[in-house]
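Data first, discussion second: the structure below is written as structure tokens.
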């Protein structure tokens with residue numbers, strides 16, 4: 001069931017699914033997506049975990065504020081949601097923008113994490129290309145960005161074979177507010193988290209899509225090598241949304257990792 005909570009000056013939409021008293025897993029989506037992208041993971045992980053999926057500021061059903069955001073602000077949103085729900089410690093799984101927030105959260109608030117899983121993400125963005133994307137979005141709005149966005153998320157074969165899921169992906173993009181897109185894009189443009197990865201001291205899993213052109217494998221390899229003890233797993237035949245394109249493999253990787261770090 002979808003709910004809302006007042007957190008850090010906005011209304012945050014979230015769902016909490018699973019057995020009461022079980023360890024909590026936070027799921028944080030990518031830019032121009034929403035919590036619905038995690039349904040394949042919620043279906044599986046909620047057997048053993050209390051799964052908290054939420055919409056990032058300016059996305060889906062969460063509130064929007066104008067202006068440029070920072071990863072610090074978006075991590076504070078997560079912290080405020082945990083505090084509001086009286087969750088002392090949680091596992092965190094983030095994809096793309098959600099993974100960037102996770103890196104920021106792990107470096108700054110690691111005491112609140114049981115583990116960290118980073119999917120198809122980066123710690124260093126090319127400023128010029130992101131500034132160009134911000135300018136384009138400001139001039140055109142969200143609808144003209146839909147096809148280019150979903151093209152980056154999946155492989156051509158998936159796009160052709162999964163029309164219903166492609167329609168869901170387009171709807172997620174269209175459900176993103178312009179202020180939310182611009183604010184989060186600015187946070188990506190201005191990120192400085194690469195230098196702080198060595199401060200992440202919780203068990204970390206890094207998942208890369210082998211066919212991802214947005215955050216290619218070498219980017220994820222650098223993240224994994226920069227976080228002490230991090231484990232790297234590669235999802236073949238998947239692009240920037242491996243959790244939707246190859247859910248069974250991603251679910252296996254995530255469930256194994258989360259269970260291994262939930263004992264006791």
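The values are calculated or read from the model by the stated rules, or taken from the named source; none is laboratory data. Predicted, not measured: the structure shown is a model, and the values here were computed from it. A quick note on method: Cβ atoms are made from the backbone with ideal geometry, for glycine too, and the neighbour counts reach across all protein chains shown.
Scan the range 5-12 and tell me whether some residue there is part of a loop (DSSP other than H, G, I, E, B), touching a residue at least 24 places away in the same chain (Cβ under 8 Å) and in contact with a helix residue (DSSP H, G or I) (Cβ under 7 Å, 6 or more places away or on another chain). Quick ask: steps written out before the conclusion?
Filtering the range 5-12 down to residues part of a loop (DSSP other than H, G, I, E, B) leaves 8-9.
Applying the additional criterion that residues be touching a residue at least 24 places away in the same chain (Cβ under 8 Å) yields 8-9.
Restricting the remaining residues to those that are in contact with a helix residue (DSSP H, G or I) (Cβ under 7 Å, 6 or more places away or on another chain) gives 8.
Yes, the range 5-12 contains at least one residue that is part of a loop (DSSP other than H, G, I, E, B), touching a residue at least 24 places away in the same chain (Cβ under 8 Å) and in contact with a helix residue (DSSP H, G or I) (Cβ under 7 Å, 6 or more places away or on another chain).
Give all pairs with beta carbons closer than 8 Å in which a residue from the range 224-244 that is at positive phi meets a residue that is in a helix (DSSP H, G or I); count only pairs at least 6 apart in sequence or on separate chains.
Qualifying pairs under 8 Å: 237/157; 237/245.
Can you find a residue that is under 22 Å from residue 218 (Cα atoms), at pLDDT 95 or above and touching a helix residue (DSSP H, G or I) at 6+ places or on another chain (Cβ under 6 Å) anywhere in the range 73-94?
Yes, some residue in the range 73-94 is under 22 Å from residue 218 (Cα atoms), at pLDDT 95 or above and touching a helix residue (DSSP H, G or I) at 6+ places or on another chain (Cβ under 6 Å).
For the range 224-264, what are the residues that are buried (at least 21 other Cβ atoms within 10 Å of the Cβ) and over 28 Å from residue 157 (Cα atoms)?
227, 257, 258 - these are the residues of the range 224-264 that are buried (at least 21 other Cβ atoms within 10 Å of the Cβ) and over 28 Å from residue 157 (Cα atoms).
Can you name the residue in the range 86-110 that is touching a residue at least 12 places away in the same chain (Cβ under 8 Å) and surrounded by fewer than 18 Cβ atoms within 10 Å (Cβ to Cβ) and is also nearest to residue 225 (Cα to Cα) among such residues?
Among those that are touching a residue at least 12 places away in the same chain (Cβ under 8 Å) and surrounded by fewer than 18 Cβ atoms within 10 Å (Cβ to Cβ), it is 110.
Considering only the range 121-228, give the helices (runs of 4 or more DSSP H) lying wholly within it that have at least 3 residues that are under 17 Å from the mean Cα position of the chain (by Cα).
Qualifying helices (runs of 4 or more DSSP H): 146-153, 163-174, 178-189, 217-226.
Which members of the range 73-97 meet the condition of being farther than 24 Å from residue 130 by Cβ and in a helix (DSSP H, G or I)?
If the condition is that a residue be farther than 24 Å from residue 130 by Cβ and in a helix (DSSP H, G or I), then 79, 80, 81, 82, 83, 84 are the ones that fit.
If you check residue 33 against the conditions, is it buried (at least 19 other Cβ atoms within 10 Å of the Cβ) and at negative phi?
Yes: the conditions hold for residue 33.
In this structure, does residue 179 turn out to be touching a residue at least 24 places away in the same chain (Cβ under 8 Å) and more than 25 Å from residue 12 (Cα to Cα)?
Values: touching a residue at least 24 places away in the same chain (Cβ under 8 Å): yes; more than 25 Å from residue 12 (Cα to Cα): no.
In short, no.
I'd like the full set of residues that are touching a helix residue (DSSP H, G or I) at 6+ places or on another chain (Cβ under 8 Å) and assigned to a helix (DSSP H, G or I), limited to the range 107-120.
Result: 107, 108, 110, 112.
If the Cβ limit is 6 Å and pairs must be 6+ apart or interchain, which residue in the range 193-210 that is without any contact (Cβ under 8 Å) to a residue 40 or more places away in the chain pairs with which residue that is surrounded by fewer than 20 Cβ atoms within 10 Å (Cβ to Cβ) and assigned to a loop (DSSP other than H, G, I, E, B)?
210/236
Take the residues in the range 190-220 that are farther than 22 Å from residue 233 by Cα and either out of contact with any helix residue (DSSP H, G or I) (no Cβ under 7 Å at 6 or more places or on another chain) or surrounded by fewer than 18 Cβ atoms within 10 Å (Cβ to Cβ) (or both); name whichever of them is modelled with the highest pLDDT. Give the steps one after another, and end with the answer.
Looking only at the range 190-220, we keep the residues that are farther than 22 Å from residue 233 by Cα, and these are 190-192, 195.
If we keep only those that are either out of contact with any helix residue (DSSP H, G or I) (no Cβ under 7 Å at 6 or more places or on another chain) or surrounded by fewer than 18 Cβ atoms within 10 Å (Cβ to Cβ) (or both) as well, we get 190, 192, 195.
Values: 190: 98, 192: 94, 195: 95.
Among those that are farther than 22 Å from residue 233 by Cα and either out of contact with any helix residue (DSSP H, G or I) (no Cβ under 7 Å at 6 or more places or on another chain) or surrounded by fewer than 18 Cβ atoms within 10 Å (Cβ to Cβ) (or both), it is 190.
Given (1) surrounded by fewer than 19 Cβ atoms within 10 Å (Cβ to Cβ); (2) under 21 Å from residue 241 (Cβ atoms); (3) in contact with a strand residue (DSSP E or B) (Cβ under 9 Å, 6 or more places away or on another chain), identify the lone condition not met by residue 40.
(3)
Please pick out the residue among 52, 113, 81, 2 that is within 24 Å of residue 260 (Cα to Cα), touching a strand residue (DSSP E or B) at 6+ places or on another chain (Cβ under 8 Å) and surrounded by fewer than 24 Cβ atoms within 10 Å (Cβ to Cβ).
Details: 52 fails: surrounded by fewer than 24 Cβ atoms within 10 Å (Cβ to Cβ); 81 fails: within 24 Å of residue 260 (Cα to Cα); 2 fails: within 24 Å of residue 260 (Cα to Cα).
Testing whether each residue is within 24 Å of residue 260 (Cα to Cα), touching a strand residue (DSSP E or B) at 6+ places or on another chain (Cβ under 8 Å) and surrounded by fewer than 24 Cβ atoms within 10 Å (Cβ to Cβ) leaves just 113.
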